[in-house]
Every structure is written in C-alpha cells, then in structure tokens.
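Each reported figure results from applying straightforward, stated rules to the coordinates on display, with no laboratory input. The model shown is predicted, which means the values in this text are computed figures rather than measured ones. Methodologically, a virtual Cβ is constructed for each residue, glycine included, from the backbone with ideal geometry; neighbour enumeration extends over all protein chains shown.
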Amino acid sequence: MSEPLLRIENLTKRFGGFIALDGVSLHVAEGERLGVIGPNGAGKSTLTNCITGLLRPEGGSVHFAGSDVTALPAHARARLGLARSFQLPRPFHSMTLAENLAIPRDYAARHDPPDPRELLTRLGLGAKADALPRSLTQIELRKLELARALAAQPRLLICDEAMAGLSHSEVDDMLGVLLVLNDSGIAILMIEHIMRAVMRFSQRIVVLDAGRKIAEGAPADILRDKEVERAYLGA
Amino acid sequence: MRGGGIFYAGAVAILIAGYAAAASGINDYYFYAAYIVLQYVVIATAWNILGGYAGYVNFGSAGFYAVGAYTAAILYQLVKPPLVVMILGGGIAAGVIGLAAGYLTLRVKGVYFAIATLALAVVLETIVANWDYVGGTRGTYVLRPHHAFGFVNYPRALFFAMLVLAIGSVVLARVIERSKLGRGLAAIRDDEQAAESSGVPTLRLKLFAATLSGALMGVAGAPFPYYVSHLEPGSAFSLAIAVNAIAMPMIGGATSWVGPVIGALLLGGAQQIATVTISSILNLLIVGLLLIGFVIFAPDGLVGLFRKLRR
C-alpha cells in the first residue's frame, strides 16, 4: 500500500489535566471520503485543530503529503494543501465574498490559482460575490466557508461540522456540493454530528469517544458496532 | 489607475505648496503649529498600520516616539550628524524595539497586548529618566544647527522635513493597504485563526507591521529634540502622544490610510487652536470626549460615516 495523504499516529493532546486526545491514529488516502463521528466532547474539534496546526499536540505525529508536518505552523500546512472549514462560519467580515477568497488564493494556493468569482458561482454564491458576509444566510455562510477552503487548492479538505443546524434539504444540498468536490480529486475528512449525512457520505468511518478511537470501518459495520452504540446511547 | 494618479499628483502639489509657504513671509508661529499637526499625521498613520490594519491596539506609542527622539539626541551628543541621519537612526532604533516588543507580545491578543505596550512605554520612560547620559529627568539640551537648508530659519526647515515625512508615511501606508500584505493584515484583523488557516503567516505579518509602525513613530520623534531644543522625558513620553495616536485614526476611520490623515488634521488642528484660544490643559479633555463620542456613535470613524451616508 502506498503512503496515505494524511497519516496521524498516536496523537495526544492535553488541556491541563484533561486528556482531549489519547493516542489517536488514523489515515486518509488520496481522494478518499473519511467520516469522523463521536459524541460531544469526544475530541473531534481538537483533532481538527491538531491536524491543521492551530493546536500543538503533546505527543504523536502528523504526516501530510509525504512529509512530517507535526512542527509546522498552520499557514505552512495550508500551503501544502490542507484546508479546513470552521464549525461556526468565520468569514473575514470586512471583506466581500470575492475578497474573502482572494486571501487563500494569494497566500495558500500553489499554482494556477482558481478564480474567486468562478468558485463562488460553482457553489451558487456567484450573485453575491461583491456582497459582505453579514448579508448571507446560514447555509450561504457555510458555503462561503467551503469556497474559501477551496480557494486554497486543497488536496485534503476537513469539514468541521459543516452541516450542523442546517435543514434536511440544506444538508442534501451541502452533501451534493461535497461529492462534486470529491469527484474532482479532493480527499474529504468529514467531522459531523448528523449521522444520516456521515453514513451516506463516507466510504470509511472512524469513531471517537472520550479522546480515543473506539471503532473504524465501513458505515454499515459501524452501525452494528456494540461499542459505538454504547458510546452514543449509554450502557 | 486614475485614483492613484490623483493621489500622487496631490502629494506632490502639497509638497510644493508646503515649500512655497515655508519660503514665504508667513508668521513663524504657523510653522511651529503645523509641525505638530504633521507630526501627528506620521504618528497616527504609524499607529494605524498595526492598530487599524491588523487590529492590534498599541497604547505605548509615546514610547516609540521617545525612542526616536532620544536616539536623535544621543546621536547629537556623539557626532552631531545631519538631520537625515538622526531621523534614520531614530527610525531604526524604534523599529528594533517594535520588532522585539512584537516578538514578546504579539502572541497575546486584545487587551493583553494593549497592556503590554503600555508597560513597555513605562519601562522605557523609567530607563530614560534614570540615565545620566541623556540628562535623566532634567533632560538634555540640543542646539539647532545654524544652516537651515536655504530656509529663513531652522523651524521652517523642520516644518518642511516633517511635511516630507508625513507624505512619505501616508504613501507607504497606502501602498501597504493595497498590497497582498495589506489584505493579509486585514484578514488577521477580521479573524486571526481563519487567516492562519488560509495560509497567512500571521506572526510574520504582525511582526512586520509592529516593526514598521514602531519605526515610523521613531521617525516622527527624531526631529523633536531640535524642535524643542530641550528634550526631557515628560515631553518625549507625553500622554498626549499615546492618546492622540489612538484617537486620531479612530476618529478618522481606522481601516484606510485616509482616516488617520483626516483625524490628525482635524484633531491636531483643533488642539493647536484650543492651545491658543482656550488652554493647553483642556486639549486632552476635548480629545477624550471626542473619542468617547465617536466610539459610541461612529465606530468606523468619519470615513465610515461618510461611506454610510453615501449609500
């Protein structure tokens, strides 16, 4: 088997006495769709922040695209092709949508950077390219998060609960967008609460509970897993 | 780039008009007053590069200004170099302090950074007040050179020098604002983690802004010893500088180069008039009240107010 796009090993992150991540290992292959699920407080957001570099783990390593990025700051990882969306949309509020996308295009994209307006149009935000983020609806803000992540020309996109709070049809809308992106060759790591969405989207699922990986496998197997059931429903 | 053409033509026109005024028979007092106003254009513009563009509020502007002034005074005592060298020296010294302070403090955000800069100014003032070589609290005398670059007297030459510095710093600020660097700073101001995740090397950009901001404040302070002839910590580390450095960009509008210029001209001008007509003590009260009023009623300053009205 060739080297996966993302490989994390034994990742451990503590906040004081609290262990948020306890020796987590996982990998994402080139072009793969991996789902990460787990109850509240399982360490999903901490995992995202350790992979993207906003947090430094106390132990373990993160390898991306063939190099050890454990010691690299977040902006350098973004340049290697590691992009993320934030759980709560965090647009650059003083800039128009097109200007929002110009930041990753100028600072992270490697060669032949995508045109912000074209990207916005692809995500259905073309008409609002010159509007400010404050005029957007909730789903439009989520799409702006995605568009901004894409403007960095990622090889791996980490979606941190990109669908929380969206309606049924909006979730379907977002899933459609993500599948198209995946088709274009971008690997996607989906961190999500909405089981229906993760189960439908992911080729493989990793389950976290209390900072540890308790299961890994195909969506159908995960649904039958006793430990997963216990973590979610209580024993 | 029509806007750019108008901007640079305007800058050159102001420079020529300033030179003509300095060569004319206008009363010397106006040049003393205009020097202070222009000095505030430099200080407000410098503050805005870190405070307005990147969103890091510096309460210690007076410290950087004083580093420029005292570097010039030390150079004077050592070798009496030309004014240009004193200005460069003041800029470099204050820039180095800005870089060092930035390295130590830019990892903390918001109010902590503000407090750190305030503390830095206090530390610097304490050092200077206890340093005999520069006269301690008594201060030190700096005698103006006899030659005045062809002007009638030295204050007029100082006025023209400050005009050049003011225009230079505004041009610099405008260039930065419109560059990739300026967009990166704006991203930091809006959301630092999102900026970092979008590939913006936030620490490096902040350090650059802190260095340049500090350097320009030092540049503004360097001619000050010649202006006052007697430099002492009380005037170099004046509260008025720290307050005005924040108030002027806030009142003018902190997101673009125009804001600090408008703020400095309006507020600086009003203070000069108030000094003559009312009292010099009341100045800061006026500034304080204006600042409170703007923070409450027009948080984006006059520029923001103007944009809102035009919509």
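Couple of notes before you dig in:
- Averaged over peptide A:91-100, the number of partner chain Cβ atoms lying within 10 Å of each residue's Cβ comes to 3.
- The range B:27-241: mean projected area of Cα convex hull, nm²: 11.6
- Within the range B:66-89, backbone nitrogen closer than 17 Å to the virtual label 7 Å beyond the Cα of residue B:141 toward Cβ: B:73-74, B:76-78, B:80
- GNM flexibility winner over chain A from A:35, A:211, A:17 (Cα, springs under 10 Å): A:17
- The label point for residue B:17 and the one for residue B:270, both projected 7 Å from the Cα toward the Cβ, are 2.2 nm apart.
- Measuring max minus min along each principal axis, the C-alpha atoms of the range B:11-93 give extents of 42, 36, 23 Å (largest first).
- Within the range B:183-272, trypsin sites (Lys or Arg not before Pro) in DSSP loop having at most 12 other beta-carbon neighbours inside 10 Å: none
- Based on every Cα atom in the protein assembly as shown, Rg and the maximum pairwise Cα distance Dmax equal 28.1, 94 Å.
- Of B:263, B:150, B:288, the residue with the greatest mean-square motion in the GNM of chain B, using alpha carbon springs below 10 Å, is B:150.
- Between the range B:64-98 and the range B:216-234, the C-alpha centres lie 9 angstrom from each other.
- Nearby lysines by direct alpha-carbon distance to residue A:213 (threshold 24 angstrom, same-chain neighbours under 8 apart not counted): A:13, A:44, A:226
- Counting Lys and Arg as +1 and Asp and Glu as -1 over every other residue whose Cβ lies under 14 Å from the Cβ of residue A:99, the net charge comes to +3.
- Here's the picture: a label point sits 7 Å out from the Cα of residue A:193 along the beta-carbon direction, and within the range A:108-141 the residues with their amide nitrogen under 20 Å of it are A:137-141.
- Spin-label model, residue A:67/residue B:92: points 7 Å from Cα along the beta carbon direction are separated by 3.5 nm.
- Taking Lys and Arg as +1 and Asp and Glu as -1, the other residues whose beta-carbon sits under 12 Å from that of residue B:128 total -2.
- Label-to-label distance, nm, for residues given as residue B:29 and residue A:118 (7 Å Cα→Cβ offset): 6.6
- Between residue B:239 and residue B:109, the contour length at 0.36 nm per residue exceeds the alpha carbon distance by 44.5 nm.
- For chain B, a Gaussian network of Cα nodes joined below 10 Å ranks B:13, B:33, B:46 by mean-square fluctuation, and the top entry is B:13.
- Here residue B:6 and residue A:30 are evaluated by their C-beta separation; at R0 = 41 Å the FRET efficiency comes out at 0.20.
- Per-pair calculated FRET efficiency, R0 = 45 Å: residue A:76 and residue B:153 via Cβ, rounded to 0.05: 0.20
- Chain B: relative contact order in percent, alpha carbon pairs under 8 Å with at least 6 residues between: 32
- Every helix of 4 or more DSSP H residues in chain A counts as -39500 (n - 2.57), and over all residues that averages to -10000 deg cm²/dmol at 222 nm.
- Within chain B, longest stretch free of exposed chymotrypsin sites (Phe, Trp or Tyr not before Pro) [DSSP loop, at most 16 other beta carbons within 10 Å]: B:150-311
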